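Structure first, commentary second.
The values are calculated or read from the model by the stated rules, or taken from the named source; none is laboratory data. Since the model is a prediction, treat every value here as computed from it, not as a measurement. FYI the Cβ positions are ideal-geometry reconstructions off the backbone, even for glycines, and counts take in every protein chain you see.
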Amino acid sequence: MANFYRLSPSRQREITFRRLVAYLRDYVEPFHPHLRKRFREAGIDVRHLSTYDDFRRLPIVTKDDYRADPRAFILQPKVRGREDRVPYDTARLGIKYVVRPLIEAALNRPREYAHLFRRMPFVMGKLGRRIAEEWLPFHFHATAGTSGEPTPAVYTFYEARKILSELSYAALLQPDRPDPELPHVEWTTRNLSVMPGVPHLGFFQIVMSKFLAGFSCFDTCGGKVVPTARQIEILSKGKFEGITAVPSYLSYWLRTARAMVEKGEIPPLSSLAFALVGAEPVSPAMKEALQEIARSAGAHPKFRIYEAYGMTEMKWAFTECSQNGGIHLNPRYWFWELLDPRTWEPVPEGEPGVLVFSHVGWRGTVFVRHNTGDWIAGGMAWKRCEHCDHTWVTVKGPISRYERDFTKIKGTRVALVDLKEAVRATPGVASFQIELSSEDPREEISRDRVIVTVVPAPGADREGLRGELSGRVQKETEVTPDEIRFEENAEAFESSLFARTGIKADLIVDRRKR
């Protein structure tokens, strides 16, 4: 059978869309409480869907729909004798859904071991267990809470076996003829994850991947569990080749490592060859800055930074195969759309738009035409990658929130990513936070104030830094900072940046009344 990930883009799209239509008919419409109700209220019969134009009649689903009742987004068939366990109007599990579990139970494939430890009658034991594996949630984690309202995503054991195991192996993606001068992920690669040990996708995907695909990874569970200096010592002594982190924390981590190398506390990090960063937007300029710090700490001369992108609702995250090559979205278990948020019409290939996705073949929490709210500035293309020789849906950043990542400051519309990058790119800035406040906090309408707090790099000329930073911010955003403060306690300041979520640094804090 042909490798799906080597098919032409048109053939891939045809297969995935055909599977999506069947999935909507056989699983979503009968068993998805929220969408079953929405489809019926809109008079949509999914049995009649056959083209993409038909599919576009389905409603766009938002985060507000999800937050209102997360349980209604879990596939929940009713089982004879246990109908009261599903408090929604969903269909009963028919005989056609029992055939595959029946065969698996009879052959004990995939192999189960429960019968070694308990008596397992065939119907209520072995067959019942197989059905439960497909539909009964066995794991969930939540959003990182940037919006202030964390919501869960639910997984079943069926997904772990049938979907997540395949997705995990994508970390080994390599071109047919890899460049011997560049570092690549191998079976033997050792990775250090410094993602915080909290119930979020950024932590659990790494844990699930190493158990499902057999990767070597040590999870530090973040700086609150294993202090940063100790993490650096572990990487140095263990000769780890890779590190996975949030970019803002990686910046602090690498600067700390460089200082430890300069003081002679550890040898240069000669084994460190690449970093995988996610949970925050990262620009090419920031990647270059991180590379420079890493190399100054003794890392591989061609140290690479690969960007990851995902969210709780997707139930997985995706990565680049080459630095700045674009993020490869999986085309088999999701159907992707890039739409104009004003009209919800598809945008031409390569044009910017908002990313919308539909699950294909999943159980547990399921979305169809979910509006991520993420603005893909570099557009989307379904194509064969020139770097890895595989076919993907590839998106290019910068990626930002369509609504939340823009704001008005002193009457000027400002992209927050531009504001952050203007400060970050200023020579002499080690760490920073930008505060947006009101001149008179008691007034609903008051002049905006922009306050930038900076941890200066060792030896930085503070007055020169003040002028350079102010000029860069004004040039990039047309807004001038009202005040630039210097923070002396770098460690306490870095810790405060992560205090709210434990994962993402609060680099911009908006205290204005709105």
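Restricted to region 483-503, and to residues there that are within 23 Å of the chain's Cα centre (by Cα) and hydrophobic (A, V, I, L, M, F, W, C), the residue that is surrounded by the most Cβ atoms within 10 Å (Cβ to Cβ) is ILE503. ARG342 meets all of the listed conditions (1) in contact with a helix residue (DSSP H, G or I) (Cβ under 6 Å, 6 or more places away or on another chain); (2) of a type in the set (Lys, Arg); (3) surrounded by fewer than 16 Cβ atoms within 10 Å (Cβ to Cβ) but one, namely (1).
This table checks each residue for (1) in contact (Cβ under 8 Å) with a residue 60 or more places away in the chain; (2) surrounded by fewer than 18 Cβ atoms within 10 Å (Cβ to Cβ); (3) of a type outside the set (Phe, Trp, Tyr).
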{"site": "MET311", "(1), (2), (3)": "yes, no, yes"}
{"site": "GLU320", "(1), (2), (3)": "no, no, yes"}
{"site": "ASN324", "(1), (2), (3)": "no, yes, yes"}
{"site": "ASN330", "(1), (2), (3)": "yes, no, yes"}
{"site": "TYR333", "(1), (2), (3)": "yes, no, no"}
{"site": "GLY350", "(1), (2), (3)": "no, yes, yes"}
{"site": "VAL356", "(1), (2), (3)": "yes, no, yes"}
{"site": "ARG363", "(1), (2), (3)": "yes, no, yes"}
{"site": "VAL366", "(1), (2), (3)": "yes, no, yes"}
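Kindly indicate whether ASP506 is within 30 Å of the chain's Cα centre (by Cα), surrounded by 13 or more Cβ atoms within 10 Å (Cβ to Cβ), in contact (Cβ under 8 Å) with a residue 60 or more places away in the chain and more than 24 Å from GLN291 (Cβ to Cβ). Considered against the rule, which asks whether it is within 30 Å of the chain's Cα centre (by Cα), surrounded by 13 or more Cβ atoms within 10 Å (Cβ to Cβ), in contact (Cβ under 8 Å) with a residue 60 or more places away in the chain and more than 24 Å from GLN291 (Cβ to Cβ), ASP506 comes out as yes.
In region 27-50, of all residues being under 30 Å from LYS383 (Cβ atoms) and of a type outside the set (A, V, I, L, M), the one that is modelled with the lowest pLDDT corresponds to SER50. Identify, by number, the condition in (1) out of contact with any Cys (no Cβ under 9 Å at 6 or more places or on another chain); (2) assigned to a helix (DSSP H, G or I); (3) more than 21 Å from GLU320 (Cβ to Cβ) that VAL225 doesn't meet. Just one mismatch for VAL225, condition (2).
When each of VAL46, VAL79 is tested for being more than 21 Å from ARG161 (Cβ to Cβ), of a type in the set (A, V, I, L, M) and touching a Leu at 6+ places or on another chain (Cβ under 6 Å), the lone residue that passes is VAL46. The set of residues in region 362-385 being more than 20 Å from ASP65 (Cα to Cα) and aliphatic (A, V, I, L, M) consists of ILE376, ALA377, MET380, ALA381.
LYS210 meets all of the listed conditions (1) assigned to a loop (DSSP other than H, G, I, E, B); (2) within 19 Å of ALA308 (Cα to Cα); (3) of a type in the set (D, E, K, R) but one, namely (1). Within region 349-375, work out how many residues are touching a Ser or Thr at 6+ places or on another chain (Cβ under 9 Å) and at pLDDT below 95. Here the count works out to 3. What do you reckon, is GLN231 at pLDDT 95 or above, closer than 20 Å to ALA153 by Cβ and either touching a strand residue (DSSP E or B) at 6+ places or on another chain (Cβ under 9 Å) or of a type in the set (A, V, I, L, M) (or both)? It is false that GLN231 is at pLDDT 95 or above, closer than 20 Å to ALA153 by Cβ and either touching a strand residue (DSSP E or B) at 6+ places or on another chain (Cβ under 9 Å) or of a type in the set (A, V, I, L, M) (or both).
Taking the conditions (1) of a type outside the set (A, V, I, L, M, F, W, C); (2) farther than 23 Å from SER216 by Cβ; (3) within 30 Å of the chain's Cα centre (by Cα) in turn, ARG111 satisfies each one other than (3). Counting the residues of region 276-314 that are touching a Gly at 6+ places or on another chain (Cβ under 8 Å) and in a strand (DSSP E or B) gives 5.
Restricting attention to region 227-246 and to residues that are out of contact with any helix residue (DSSP H, G or I) (no Cβ under 6 Å at 6 or more places or on another chain), surrounded by fewer than 23 Cβ atoms within 10 Å (Cβ to Cβ) and touching a residue at least 12 places away in the same chain (Cβ under 8 Å), the residue that is farthest from GLU186 (Cα to Cα) turns out to be ALA229. Once region 408-434 is narrowed to residues that are more than 26 Å from the chain's Cα centre (by Cα) and either without any contact (Cβ under 8 Å) to a residue 12 or more places away in the chain or under 18 Å from ARG511 (Cβ atoms) (or both), the residue that is surrounded by the most Cβ atoms within 10 Å (Cβ to Cβ) is ILE409. Within region 68-86, residues that are surrounded by 12 or more Cβ atoms within 10 Å (Cβ to Cβ) have Cβ atoms under 7 Å from residues that are outside any helix (DSSP H, G or I) and among the small types (Gly, Ala, Ser) in these pairs: ILE74/GLY364; LEU75/GLY364; PRO77/ALA91; LYS78/ALA91, counting only partners at least 6 apart in sequence or on another chain. Of all the criteria given as (1) part of a helix (DSSP H, G or I); (2) free of Cβ contacts under 8 Å to residues at least 12 places away in the same chain, the one not satisfied by GLY43 is (1). Counting only strands (runs of 3 or more DSSP E) wholly contained in region 347-428, the ones carrying 2 or more residues that are touching a His at 6+ places or on another chain (Cβ under 7 Å) occupy 353-359, 391-395.
Summed over region 449-482, the residues that are surrounded by 13 or more Cβ atoms within 10 Å (Cβ to Cβ), outside any helix (DSSP H, G or I) and of a type in the set (D, E, K, R) give a count of 3. Considering region 1-26, the residues that are over 27 Å from the mean Cα position of the chain (by Cα) and outside any helix (DSSP H, G or I) include one that is modelled with the highest pLDDT, namely ALA2.
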